[in-house]
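The values are calculated or read from the model by the stated rules, or taken from the named source; none is laboratory data. On a predicted model such as this, the values are computed, not experimentally measured, just so you know. Cβ: placed from backbone, ideal geometry, glycine included. Neighbour counts: every protein chain shown. All accessible areas refer to the heavy atoms of the entire protein, side chains included, with ligands and DNA or RNA removed. Shrake-Rupley method; radii C 1.70, N 1.55, O 1.52, S 1.80 Å.
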Amino acid sequence: MQQGMVRIEAGGYTPLFRDEGGPPFIAVDAFLLDQYPVTNGEFARFVASEQRWAPQNIKPVFADSNYLAQWREVAPQGLEGIENQPVTNVSWFAARAYCDWRGKRLPNVDEWEYVAMASEEAPTVGDDPDFQARVLQWYSTPAITRLPDVQDTWRNYWGVHGLHGVVWELVNDFNTALVSGESRADSELENSLFCGAGAAAAVDPSDYAAFMRYAFRSSYGARSSISSMGFRCASDVPGAKGVNP
Amino acid sequence: MGSVSVRECRFTKKRLFCSAVISAALVAFSAFADAELPVIEAVLTAAPQVPPPIDRDHPAKVVVSLDTTEQVGRLADGVEYVFWTFGGTVPGSFIRVREGDLVEFHLNNRPDSKMPHNIDLHAVTGPGGGATSSFTAPGHTTQFSFTALNPGLYVYHCATAPVGMHIANGMYGLILVEPEEGYPPVDREYYVMQSEFYTKGKFGEEGLRPFDMDEALSENPDYVVFNGSVGALQGDNSIHAEVGETVRLYVGNGGPNLVSSFHVIGEIFDTVYVEGGDLVNHNVQSTLVPAGGSAIVDFKVEVPGKLHLVDHSIFRAFNKGALGTINVSGDANTVVYSGQQYEGIYLPEGQAEQLVGDAHDAPASPTATSKEERILFGSRVYERNCLACHQSQGQGLPGAFPPLAGADYLLNDPKHAIAVLLEGLSGEIEVNGVTYNGVMPAVRLTDEQVANVLTYVLNSWGNDGGVIEVADVAAYRESR
Ligand SMILES: [Cu+2]
């Protein structure tokens, strides 16, 4: 196992939106997930070695102009103060390239949502309203300017830190929930994301936190760099059935 | 994974469908728009102000640029809430265009937002009222255009999942599409929008209060307010008119749940544009404003005084904040309204004990953990329960209310004041050599509030300190 990763045992979860005829429960194979979100310091080492991902070199097709905007505010030659904070303002392209460079990959939605169901004590919280309320409260607090160091963040059952309450996290297949321009009548997904009427399509219409993640994922594109969005990497467990295309 | 590919293929299908529609529409518009229409930057106003009436007799391309923000703000005195807004205010900026205008809409989501947002304008004919074309991630901006085909007063709101929560946090406002011929002129126009807030904790409970989903689901708000907070249309924020003027209120209801029975105490609406549309009604006492709907009401103010705006579902007005004031100044007209013609004492037998102050089931103020907190919380209790008589600097009113600042009566025996508050006080007393003979009603407060307000009094306006503890109040209650 790569250093800094934890093993997530096989399991599964009930997605917020279920397709008719689709499985009510999505199985997830065992995989490895970074214990912490990727930090500014780690991302800086990547950029130092792969110069084309440096802010001054990146091609506009791979990231918008917010790319690594937080680096501009700190001293040009160091990342003093933010080194151990989660890196944000990275595009999906850049995050993928980073994980690739580390010999890893981005987790997919199903993997991420599966791990996100874990509380401190259990791999799946079920409908614990307290847990949902805690997560929801973070989502509804304005973005704080100072992020915590990754070591100081909340740890769940799997030993994964900071999955909720720190930054939104990129996933590999975010655009499966993509909603960009569409008539309401045409798709239940948009119905559910854009108007109350479609909430019937959601398995648990009271899981507001999940609604927000789905909505958030559908709001960005592969170039988007957002000050409250970071990522972590995953990889397959040798021998476990592959889940990654 | 099967389900993923199903989702993907749906996505592709709708993507194709939609881009076809949009590009066709854009071609049609842009040829027309850019060639002929003058371009105007929309004037946006925060409630209760309304942009000036439109004096154009031809359509224009109106550019609207609106920011979405997430910010902490005041919901009531001592109560804060994280508001999500259009334009930095709740309700969002008022937008005013003319029937036939081409509106170019820019939605800018501030970089420090945590949520994506979009906008659904009920004035738009098209998919999602603009929602699908304006879905905007934090730190990004989107643009779409629409032609204002139907005149009327329309609500706009955020329509991002979970919609209820985006609305509950403050994301709504009004857009007025003036008919080509305009509305009849009036002397004053104001923007009033009702909405509810669902918070953890009861009405008035101090501190930063998070959204309470259970209350929202059971449609049981702690706050029902006009213009985004308790008191946003009262006191110094009241709206104003002169006797003889005509007033028009653009009334909206953001909901998210409740329907408003909008009423102005002491007025009859001469004209109501029912639900903000073409139907005109006259001589209306209360008009229904649906959640996600509006009404335009016109009336002429005939007599001076205060007119109170309420949701006539009346507990909302008196216990949840749905109150506003129009101050009407000018000369009295005793034919229209006589004013009081007689006042006297009416004392039926078995007169009940007089009590003023917070009802006993009002939420307790927070528990103070230090003298400083006692003073801070006590100052709020003072403002609500004592200031009316003892005045803002504790100076009292000569001949009526004794002072609390430098008052020997109080300072010689501060604990006696506990009795004064809990039992009331009447009969002759002497304060600083002056005799008072009034009635101070008992004040209904919790032990905590009594301790806080007296500690505040003892440490204010030059009084030389001291603390009344909750235990002192409890001990007094035991002893009686
Ligand atoms: Cu929103």
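Summary table
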read-out	value
Pairwise Lys count, chain B - Cα closer than 22 Å, eight or more residues apart or different chains	5
Within the accessible area of chain B (1.4 Å probe), percent carbon and sulfur	53
About the Cα centre, charge dipole magnitude for region B:55-174 (Lys/Arg +1, Asp/Glu -1 at Cβ), debye	100
Rounded to 10°, Cα long-axis angle of helix B:2-36 versus longest principal axis of chain B	80
Alpha carbon convex hull of chain B, volume per residue in cubic angstrom	203
Nitroxide proxy distance, nm - points 7 Å out along Cα→Cβ at A:A27 and B:D187	7.8
Residue-averaged 222 nm ellipticity for chain B, from DSSP H runs of 4+ at -39500 (n - 2.57), nearest 500	-6500 deg cm²/dmol
Region B:172-228: relative contact order in percent, alpha carbon pairs under 8 Å with at least 6 residues between	40
Listed residue (B:N169, B:L307, B:S379) projecting farthest to the positive dipole end of chain B, Cβ model	B:N169
Rounded FRET efficiency, nearest 0.05, which uses the C-beta distance separating B:S286 from B:K306 and R0 of 25 Å	0.85
Region A:22-176 - Kirkwood radius from inverse mean 1/r over Cα pairs (Å)	16.9
Residue-span extension gain [B:L208 to B:N319] - 0.36 nm each, minus C-alpha spacing	38.0 nm
Antiparallel DSSP beta bridges within chain B, percent to nearest 5	70
Degrees between helix B:470-479 axis and first principal axis of chain B (Cα, 0 to 90, nearest 10)	50
Taking only Cα atoms of region B:210-262, radius of gyration then Dmax in Å	14.7, 47
Rel. contact order, % - alpha carbon contacts under 8 angstrom, at least six apart, chain B	10
Low-density loop cleavage sites - GluC sites (Glu not before Pro) in region A:22-122, where at most 12 other Cβ are within 10 Å (DSSP)	A:E80, A:E120, A:E121
0 to 90° range, to nearest 10: angle between helix B:447-458 axis and chain B longest Cα axis	80
Whole-Hz couplings from phi, Karplus 6.51/-1.76/1.60, listed for region A:57-63; x for Gly and Pro	9, 4, 6, x, 5, 9, 6
Cα-centre dipole for region B:111-207 with unit charges at Cβ (Lys and Arg positive, Asp and Glu negative), debye to 20	420
Kirkwood hydrodynamic radius of region B:261-323, Cα pairs, Å	12.2
With at most 12 other Cβ atoms within 10 Å, longest stretch of chain B clear of loop chymotrypsin sites (Phe, Trp or Tyr not before Pro) (DSSP)	B:1-336
Using alpha carbons only: equivalent-ellipsoid semi-axes of region B:136-293, gyration tensor based, whole Å	28, 22, 15
Heavy-atom accessible area, 1.4 Å probe, ligands and nucleic acids excluded: residues of region B:124-159 down by at least 50 Å² from chain alone	B:T132, B:F135, B:H140
Loop sites in region B:94-192: GluC sites (Glu not before Pro), DSSP, at most 14 other Cβ within 10 Å	B:E180, B:E181
Chains B and A together, accessible area buried on both sides, 1.4 angstrom probe, square angstrom	4100
Probe 1.4 Å, protein heavy atoms only - accessible area per residue of region B:208-276 in square angstrom	35
Calculated log₁₀ intensity ratio I(q)/I(0) where the Debye formula runs over C-alpha points of region B:404-452, q = 0.27 Å⁻¹	-1.14
Dipole magnitude of region B:248-339, debye to nearest 20 (Cβ charges: Lys/Arg +1, Asp/Glu -1, about Cα centre)	320
Derived scalar couplings ³J(HN,Hα) [region B:98-112; Karplus, 6.51 cos²θ - 1.76 cosθ + 1.60; whole Hz; x for Gly, Pro]	10, 3, x, 5, 9, 9, 9, 9, 10, 10, 10, 9, 3, x, 8
